[in-house]
Amino acid sequence: MNITASTREESAESKSFRKILVGYDGSENAKRALATARMLMEKFGSELVIIHAVSVSSYGFVGSAGSGALDFGKLKVLAIREAETLVHALGAQLKQEGVEARTEVVVDGASAVGAIAEFAQGEHVDLIVLGTRGLGGFKRLLLGSVSNGVVAHAPCAVLVVR
């Protein structure tokens, strides 16, 4: 059976990653995930989208500790501002390096996993790239691994970078 060049090209294009999403929190693992995503972006000519997911429920847990609890609303606002600062700085750095990428902060009431999976579905992402562990620490212990959750719930392929 002969396969024409155009069929091979169409087949390769249909399997390429047109839109790559990186979950980014500034951790060393997230930086490695971003480096891998950049390599794939260059190889496939993909659009690169970088998000930082803020889970409101994790701040609600901290804010429900009793009468001396921290103000939930203030924690949420601070978390969103910190995330915006992080992704805007990253976007500026990438622009200086000649890399075109869209950066966003995504806020979800339930979980970072849900935020990433829903964003990926809504944006028709072909590949999600994440680090094995982020800055989670104690939150990771309570809420489970974001990368494991995204692998289980993502609407597309997921690459977890060690």
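Students often check this: by mean Cβ neighbours within 10 Å, which of 111-124, 86-99 ranks highest, and how do the rest follow?
111-124, 86-99
Check which residues have an amide H placed less than 5 Å from Ala53's amide H, if you skip close sequence neighbours.
Those lying under 5 Å, H to H, from Ala53 are Tyr24, Val106.
Each value in this text was obtained by applying a stated rule to the coordinates, not by laboratory testing. Keep in mind the model is a prediction, meaning the values are calculated, not measured. Note that we place each Cβ from the backbone using ideal geometry, even for glycine, and neighbour counts take in every protein chain shown.
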